1. Give me a count of the residues in segment 12-26 that are part of a helix (DSSP H, G or I) and at pLDDT 75 or above.
2. Restricting attention to segment 1-10, which residues are modelled with pLDDT of 75 or more and farther than 19 Å from Gln49 by Cα?
3. Let me spell it out: the conditions are (1) part of a helix (DSSP H, G or I); (2) surrounded by 14 or more Cβ atoms within 10 Å (Cβ to Cβ); (3) hydrophobic (A, V, I, L, M, F, W, C), and Ala29 meets all of them except one. Which number is the exception?
4. Looking at Leu31, Leu62, which one is out of contact with any Pro (no Cβ under 7 Å at 6 or more places or on another chain) and modelled with pLDDT of 80 or more?
5. Tally up the residues in segment 13-26 that are of a type in the set (Phe, Trp, Tyr) and loosely packed, with under 11 Cβ neighbours inside 10 Å, please.
6. In segment 32-44, what residues are under 10 Å from the mean Cα position of the chain (by Cα) and either over 13 Å from Ser6 (Cα atoms) or in a loop (DSSP other than H, G, I, E, B) (or both)?
7. Pull up segment 32-64, narrow it to residues that are closer than 15 Å to Val8 by Cβ and β-branched (Val, Ile, Thr), then point me to the one that is surrounded by the fewest Cβ atoms within 10 Å (Cβ to Cβ).
Amino acid sequence: MLVTTSAVLLLGLLILFLVRIRYLRGFEAGLCTIFGFLLAQTAAAPLIQGALDATGAILAQLQF
């Protein structure tokens with residue numbers, strides 16, 4: 001768990017840096033995918049899933 005959490009933090013900071021310098025391309029998108037898979041294995045996964053579900057519910061109620 002400790003190694004996974006460290007990897008998530010490291011990749012998260014790397015992705016944040018790449019987005020800030022506007023250099024997010026194919027390789028970097030692959031890093032984002034790896035980050036997502038690692039994040040799904042941490043204790044934060046249920047919290048993130050709940051936030052995404054709530055956002056989806058709010059968006060579903062909007063009428064255009």
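1. Qualifying residue count, segment 12-26: 9.
2. Correct list: Leu10 only.
3. Only one criterion is unmet by Ala29, namely (2).
4. Leu62
5. The total comes to 1.
6. Cys32, Thr33, Ile34, Gly36, Phe37, Ala40
7. Within segment 32-64, the match that is surrounded by the fewest Cβ atoms within 10 Å (Cβ to Cβ) is Thr33.
The values are calculated or read from the model by the stated rules, or taken from the named source; none is laboratory data. These figures come from a predicted structure and were not determined experimentally. Backbone-built Cβ (ideal geometry, glycine too); neighbour counts: all protein chains shown.
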